[in-house]
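The next block holds one structure in the form of structure tokens; read it before the comments.
The values are calculated or read from the model by the stated rules, or taken from the named source; none is laboratory data. The structure displayed is predicted, hence computed values, not measured ones. As a convention, Cβ positions derive from the backbone with ideal geometry for all residues, glycine included, and neighbour counts pool all protein chains shown. Heads up: the accessible areas ignore ligands, DNA and RNA and are worked out on the full protein's heavy atoms, side chains in. Shrake-Rupley method; radii C 1.70, N 1.55, O 1.52, S 1.80 Å.
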Amino acid sequence: MLQGTLIYGFINSVVLMLVALGFSVTFGISGVANFAYGALYVMAGYLSWLGLHSLGLPYWLAAPGAVAITAGVAAMIYWFILLRVRGLVVSEVIATFGMGLAILELFRYLGFIGFEYTLPPLIDASVMIGDTYVDAQRLCIVGAGILLAAFLWFFTHYTKTGLAFRGIAQDERTALTLGINADKVAAWSVAFGAGYAALAALVILPLGTIAVNEGYNVLVNALAVCIVGGLGSTVGIIVASFLIGFAQILTATYLETSWMMLVSLVAILAILVIKPSGLFGHQKQLEERI
Amino acid sequence: MLNVKDLIVFYENAIAVNDLSMEVREGQIVGVIGSNSAGKTTLMNTLSGLIWDMLIKEQRKGGERITVMGSVHFFEEDISKLPAFRRAQQGIVLCRERHPVFPDSSVTENLKIAGYLRKRAEVKQGIELSFDLFPNLARHRSRKAGFLSGGEQQMLAIGMAMMVGPKLLLLDEPLLGLSPAMQTQVVEAIKDVRRHTGVTLVIAEQFARPLLPWLDFAYVIENGMLTLTGPGPELMDNPEIKSAYFGV
Ligand SMILES: Nc1ncnc2c1ncn2[C@@H]1O[C@H](COP(=O)(O)OP(=O)(O)OP(=O)(O)O)[C@@H](O)[C@H]1O
Ligand SMILES: [Mg+2]
């Protein structure tokens, strides 16, 4: 029982981290809190399903296609809607939340509800770890989480676009004077974040069915992790994922499965009351020095 | 290489740059001298194109109206309407006031980010050159830029601007907030940079004393208007300058 809790707690934590990474990247760079994030996540799932079942595409085409389209849609949302209200935080939140609602409710309206909307697991098998039964898909999730986190680190430290991400995240004007097209780079960051949401969807959604409501849950979880960890802090995201991830599994195991979502909401409330900047909120030491 | 004609910049209804014309020739060091709120930063932002970014942001917010009139030509080409990042691509690079560095990134990383427009090999060379010119930076290469002293940050900021590969480097108050000793160091560093690269410089400053002897030409502005012009050493001896800027 304890072993099972540890293993499932760990897996659930990685799920949360996967879900939060894309949201955090976009926010950290363009300053856009992308409230359409959950909708993009679900959209990637439905697009992949449509590719597989309506178009009859093989998985290796349908899945990357869904990721690319999701990232493209996010870039277009940025270019045609967000760019005009860039820097006006309330307008950005309203615009992205509105787009998210529109996308999610459109899927509901079009009748994308039911148990047939599932994605295939990458590997259909299961293994025993100690005396706990774990399906291979959950191990794939852990692998994907480590891979995507590592790639993000590599990307933002060793590629031109990634370094430009870090530049405009810290000081957009200075970046402009260095020849970096901040609007273009910010659009990339929104697309990049949406791409991460889509990849997370492709590995996580096979655990259940693709459902419209999943979009809201994903948004709440991503927000909870980012707020508890401290917006823009990568270490914070990892720590917060594990705190909330284990708290959710403990709640599900010892209290009530349907309360899992409550954990995220309580976490958001608690951190806002106790330490609004989050556990690893922005580098205080630097701010004080300047 | 740079020709500014009848430049006027308004913030809402207050005029910050008033009918200013200036010329910079290749290889020169040109000074823009003026006291607080004379309009130096506004002029530098207009030359670098940053003013368009401010203008657009204000427009989006429905904030204050910024109006820019007049023309800026770079190598005979009208660049008045180009945004900052395009001007940087063409070789006009501004180093903003108050040592603009990326505080959370290390010194090396700051230089790498600044090398956005350069090829990988050029970035490597540029970093080595910066470390040669500024030994202090080499010592702190993996320290976060936010933890550097003001003078070190200023040197890093100049190093970053040089990474872009400027033909014309605009420095906005590079000596601001530095001790006299540090000011001398930064002036030496600027001269070194020029010796090594032959880059053309426009430097805005209020404390002109350490710089004036080196200026091929200086424009003195007050309330956005040109009041005096002439070669730096000549202005050194000007009684008005002496009383206004050196308190003599
Ligand atoms: N964003 C702005 N909105 C309104 N007025 C501004 C703005 N920026 C500058 N000003 C005004 O324009 C004038 C010129 O300012 P500017 O910053 O160009 O001066 P400066 O010479 O750089 O001064 P300092 O030496 O203090 O940096 C000042 O009167 C200032 O109050
Ligand atoms: Mg100024």
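Under the condition of being among the aliphatic types (A, V, I, L, M), at the interface with another protein chain (Cβ under 7 Å from one of its Cβ atoms) and assigned to a helix (DSSP H, G or I), the residues counted in segment A:169-181 number 1. Out of everything in segment B:50-65 that is within 16 Å of ligand 2 (Cβ to nearest atom) and facing chain A (nearest Cβ under 10 Å), what residue ends up being surrounded by the most Cβ atoms within 10 Å (Cβ to Cβ)? Taking the candidates together, the pick is B:LEU50. The selection criterion, being modelled with pLDDT of 90 or more, in a loop (DSSP other than H, G, I, E, B) and over 25 Å from A:PHE112 (Cα atoms), does not hold for A:GLY162.
No other residue among B:LEU47, B:LEU94, B:LEU43 is closer than 26 Å to B:MET225 by Cβ, facing chain A (nearest Cβ under 10 Å) and within 16 Å of ligand 2 (Cβ to nearest atom) apart from B:LEU94.
Being open to solvent by less than 10 Å² (accessible area, probe 1.4 Å), away from chain A (no Cβ under 14 Å) and either touching a Lys or Arg at 6+ places or on another chain (Cβ under 9 Å) or within 15 Å of ligand 2 (Cβ to nearest atom) (or both) is a property that holds for B:LEU201. Where helices (runs of 4 or more DSSP H) fall entirely within segment B:36-155, those with at least 3 residues that are of a type outside the set (D, E, K, R), within 24 Å of B:ARG194 (Cβ to Cβ) and within 16 Å of ligand 1 (Cβ to nearest atom) are at B:40-48.
For segment A:103-141, enumerate the residues that are exposed (fewer than 13 other Cβ atoms within 10 Å of the Cβ), hydrophobic (A, V, I, L, M, F, W, C) and within 30 Å of A:ALA187 (Cα to Cα). Answer for segment A:103-141, where residues must be exposed (fewer than 13 other Cβ atoms within 10 Å of the Cβ), hydrophobic (A, V, I, L, M, F, W, C) and within 30 Å of A:ALA187 (Cα to Cα): just A:LEU110.
Summed over segment B:153-167, the residues that are in contact with a strand residue (DSSP E or B) (Cβ under 6 Å, 6 or more places away or on another chain) and open to solvent by 10 Å² or more (accessible area, probe 1.4 Å) give a count of 1.
Does A:GLY195 qualify as being touching a residue at least 60 places away in the same chain (Cβ under 8 Å), closer than 30 Å to B:LEU94 by Cα, surrounded by fewer than 24 Cβ atoms within 10 Å (Cβ to Cβ) and in contact with a helix residue (DSSP H, G or I) (Cβ under 7 Å, 6 or more places away or on another chain)? Judged against the criteria, A:GLY195 is not a match. Of all the criteria given as (1) within 14 Å of chain B (Cβ to nearest Cβ); (2) assigned to a helix (DSSP H, G or I), the one not satisfied by A:ALA200 is (1). Restricted to segment A:124-159, and to residues there that are of a type outside the set (Gly, Ala, Ser), out of contact with any strand residue (DSSP E or B) (no Cβ under 8 Å at 6 or more places or on another chain) and not in a helix (DSSP H, G or I), the residue that is nearest to the other protein chains (Cβ to nearest Cβ) is A:THR159.
Here is the figure for segment B:1-22: residues that are of a type in the set (Ser, Thr, Tyr) and either more than 15 Å from ligand 1 (Cβ to nearest atom) or open to solvent by 60 Å² or more (accessible area, probe 1.4 Å) (or both) total 1. In the set (1) touching a helix residue (DSSP H, G or I) at 6+ places or on another chain (Cβ under 8 Å); (2) open to solvent by 10 Å² or more (accessible area, probe 1.4 Å); (3) not in a helix (DSSP H, G or I), the condition left unmet by A:THR253 is number (3). In the set (1) open to solvent by 10 Å² or more (accessible area, probe 1.4 Å); (2) within 12 Å of ligand 1 (Cβ to nearest atom), B:ARG25 fails one condition alone, (2).
Surrounded by fewer than 15 Cβ atoms within 10 Å (Cβ to Cβ) and away from chain B (no Cβ under 14 Å): does that describe A:LEU269? Taking the combined requirement at face value, the residue satisfies it.
One line per residue, one yes/no per condition, for (1) within 14 Å of another protein chain (Cβ to nearest Cβ); (2) within 16 Å of ligand 1 (Cβ to nearest atom); (3) open to solvent by 40 Å² or more (accessible area, probe 1.4 Å):
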| residue | (1), (2), (3) |
| --- | --- |
| B:LEU169 | yes, no, no |
| B:GLY177 | yes, yes, yes |
| B:VAL186 | no, no, no |
| B:GLN206 | no, yes, no |
| B:PRO213 | no, no, yes |
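B:LYS144 meets all of the listed conditions (1) over 23 Å from B:ASP192 (Cβ atoms); (2) surrounded by fewer than 19 Cβ atoms within 10 Å (Cβ to Cβ) but one, namely (2).
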